[in-house]
Amino acid sequence: MDIGLEKQLRALRAEEYGAGVVNKHAPLRMCLLYPSPYHVGMSSLGFLQIHRLANGRPGTVCERAFLPEKRDVEIHRRTRTGLMCLESLRPVNDSDLIGISIAYELELAGIVTALELSGLAPLAADRDETDPLVILGGPLTFSNPLPAAPFADLVVLGEGETKLKWLLDYLEETPEAARGSKKARTKFLELCAEQDGILVPSIHGEYLPSIAKADDESLPAVSEIYTPNTELSDMVLIEPERGCHRGCTFCVMRRSTNGGMRLVAPDKFLHLVPDKVGKVGLVGAAVTDHPRIKDILRALIEEKGKRIGISSLRADRLDEEFVSLLTQGGYRSMTVAMDAPSERLMYQIEKNLRHRHLEKTAELAKQFRMKHLKVYTVAVLPEETDEDIESLIDFTQRLSKIIPIVLGVSPFVPKFHTPLAHAPFAGEKRAQKVITTLRKRLGHRIQIRGPSAKEAYVEYRLSQGGFAHAQAAIVAAQAGGSLGAWKRALAPLPERVEPKSSISLAPSPTKRRRRWKKSGSPLTIISDERPTSLV
């Protein structure tokens with residue numbers, strides 16, 4: 001064992017605080033593994049929620065492990081130091097089961113590396129009952145987990161809280177099903193295959209069951225471990241809502257997913273805020289759409305004296321009172337999404353947003369002395385034209401005359417379980433042309449950030465992939481995990497895989513709330529109805 005690696009883990013552990021840092025002993029040993037480094041994984045509320053729930057059970061001890069930083073991966077390999085659990089420094093492969101949380105397609109290479117560093121074969125087919133049971137979950141399972149599925153014995157799709165309870169109830173009673181008995185594990189996997197929301201790759205094949213939905217008793221998710229060594233340092237993370245009532249056609253968290261938007265009562269939310277933590281992160285797909293969000297913010301800031309962070313600000317929900325509260329809560333800049341380069345395309349993807357909303361947001365940001373406004377958009381959408389990009393350039397220049405603008409640009413990648421699941425990817429060449437044009441036309445005055453065209457292409461190939469893409473992930477990871485390595489590994493595989501599925505991978509768009517009148521080109525709005533409820 002390398003002493004330096006051990007000291008690093010001890011140092012990280014020493015700076016953590018909160019109820020969730022307490023280590024304990026229990027018969028069933030679980031390791032929750034994040035396939036990105038510590039500072040990324042510890043900003044994931046879903047990861048921390050599963051850790052909290054598993055450790056809340058008397059029969060299970062749940063530790064954490066993370067993909068080492070790139071420089072440390074080489075030290076692990078050179079010194080033959082296995083990946084260790086953060087809490088006890090026990091080898092990860094001493095666990096009875098390993099839970100992997102994956103958020104992003106390119107983290108597939110991190111799964112390969114983490115399992116190999118743990119002394120485990122990446123593919124479940126190459127492991128047996130003497131190895132830990134591997135369970136996969138996380139945000140990526142809302143869209144397409146098939147390229148990651150061969151690494152796991154089973155995959156929990158969607159919301160994991162209720163399924164976690166069922167799984168641990170069984171494994172605590174029958175621990176040999178997790179590790180030790182081939183017969184017991186086979187029986188367990190057969191039972192899992194009968195459950196909604198669970199994919200057993202060895203039984204189902206390339207098939208996507210329905211997405212799991214947590215019961216209301218499991219909500220909200222809340223973190224109980226705080227650390228300065230993360231993207232969201234020294235902050236408690238809590239969700240005031242889950243899901244989204246909006247119908248954006250590119251988004252996996254749209255209103256058709258798991259019942260749309262489920263609200264947490266303000267009193268219940270505020271009760272979960274610990275006194276000793278100075279910052280509160282409100283996490284969710286549509287936090288600012290909570291009908292009592294201002295009441296929650298006012299109580300956090302004025303009554304509890306907390307600073308705040310919100311994972312998603314919707315420009316059409318911001319007003320002077322709202323931005324004043326953000327400023328009191330420590331905001332010095334804001335980020336909003338327009339998600340399309342023009343109003344024409346905003347309509348097409350059912351974004352339900354207008355330029356006037358963003359202009360008003362910029363004015364409010366200026367009024368409250370924000371440093372800048374970050375505007376996030378998606379480019380190379382289906383049917384996008386050069387005129388749409390010109391609209392983005394003109395509009396961004398207008399905004400920059402009000403307040404400094406940071407423009408985040410991400411090429412569109414079609415995802416399963418959205419109305420645009422089968423939409424074309426514009427191609428790396430077109431995506432690069434758009435990014436280059438924006439940098440050339442705006443870069444002298446406006447910061448432009450976002451993934452590269454090459455990264456978007458790799459994400460696209462994996463988002464539309466199947467089981468064979470797991471082998472490509474192994475090849476890419478062992479070649480260093482660069483985008484070039486990914487492209488070479490993906491080259492021989494089909495561009496898209498059509499899985500067997502009991503549900504539609506491309507649900508219909510929701511009913512549009514706006515009427516439009518075609519007056520030449522582009523389309524112009526003649527009414528702007530607003531939803532009267534959050535149903």
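Listing for the model above:
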item: Subset of the stretch 1-29 (residues that are in contact with a His (Cβ under 9 Å, 6 or more places away or on another chain) and under 30 Å from Asp275 (Cβ atoms)); result: Gly20
item: Any hit, the stretch 160-172, residues being among the charged types (D, E, K, R), touching a helix residue (DSSP H, G or I) at 6+ places or on another chain (Cβ under 8 Å) and either within 20 Å of Val458 (Cβ to Cβ) or not in a helix (DSSP H, G or I) (or both); result: no
item: Residues located in the stretch 116-148, provided they are out of contact with any Lys or Arg (no Cβ under 6 Å at 6 or more places or on another chain) and polar (S, T, N, Q); result: Ser118, Thr130, Thr141, Asn144
item: Residues that are farther than 27 Å from Ile393 by Cβ and surrounded by 19 or more Cβ atoms within 10 Å (Cβ to Cβ), drawn from the stretch 326-352; result: Leu326, Gly329, Tyr331
item: Residue in the stretch 43-66 that is of a type in the set (D, E, K, R), under 20 Å from the mean Cα position of the chain (by Cα) and closer than 20 Å to Ile111 by Cα present; result: yes
item: Criterion: in contact with a strand residue (DSSP E or B) (Cβ under 9 Å, 6 or more places away or on another chain) and under 30 Å from Pro150 (Cα atoms) - qualifying residue of Ala456, Ala365; result: Ala456
item: Residues satisfying the stated conditions in the stretch 420-441, i.e. over 12 Å from Val409 (Cα atoms) and touching a Ser or Thr at 6+ places or on another chain (Cβ under 8 Å); result: Leu420
item: Residues satisfying the stated conditions in the stretch 138-152, i.e. of a type outside the set (Gly, Ala, Ser) and assigned to a helix (DSSP H, G or I); result: Pro139, Leu140, Thr141, Phe142, Pro150, Phe151
item: Any hit, the stretch 440-447, residues being among the charged types (D, E, K, R) and within 12 Å of Ala379 (Cα to Cα); result: no
item: Candidate set from the stretch 127-170 (those that are free of Cβ contacts under 8 Å to residues at least 60 places away in the same chain and polar (S, T, N, Q)); member that is farthest from Asp196 (Cα to Cα); result: Thr130
item: Filter pass, Arg64 being in contact with a Leu (Cβ under 6 Å, 6 or more places away or on another chain), of a type outside the set (Val, Ile, Thr) and assigned to a strand (DSSP E or B); result: yes
item: Test set (1) in contact (Cβ under 8 Å) with a residue 60 or more places away in the chain; (2) within 25 Å of Pro175 (Cβ to Cβ); (3) of a type outside the set (Ser, Thr, Tyr) - Cys62 fails condition number; result: (1)
item: Condition met for Ala109 (surrounded by 24 or more Cβ atoms within 10 Å (Cβ to Cβ) and in contact with a Phe, Trp or Tyr (Cβ under 9 Å, 6 or more places away or on another chain)); result: yes
item: So Glu384, is it in a helix (DSSP H, G or I) and more than 30 Å from Leu157 (Cβ to Cβ); result: no
item: Residues of the stretch 332-376 satisfying the condition of being part of a loop (DSSP other than H, G, I, E, B), over 19 Å from Glu387 (Cβ atoms) and at pLDDT 95 or above; result: Arg332, Ser333, Phe368, Arg369, Met370, Lys371, His372
item: Matching entry among Leu232, Leu189 (being of a type in the set (A, V, I, L, M) and in a loop (DSSP other than H, G, I, E, B)); result: Leu232
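For every residue, the table says whether it meets (1) surrounded by 23 or more Cβ atoms within 10 Å (Cβ to Cβ); (2) in contact with a Gly (Cβ under 8 Å, 6 or more places away or on another chain); (3) in a helix (DSSP H, G or I).
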residue: Leu12; (1), (2), (3): no, no, yes
residue: Asn23; (1), (2), (3): no, no, no
residue: Gly46; (1), (2), (3): no, yes, yes
residue: Ile100; (1), (2), (3): yes, yes, no
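The values are calculated or read from the model by the stated rules, or taken from the named source; none is laboratory data. Quantities reported herein were computed from a predicted structural model and do not represent experimental measurements. No Cβ is skipped: glycine too gets one built from the backbone with ideal geometry, and neighbour counts run over all protein chains shown.
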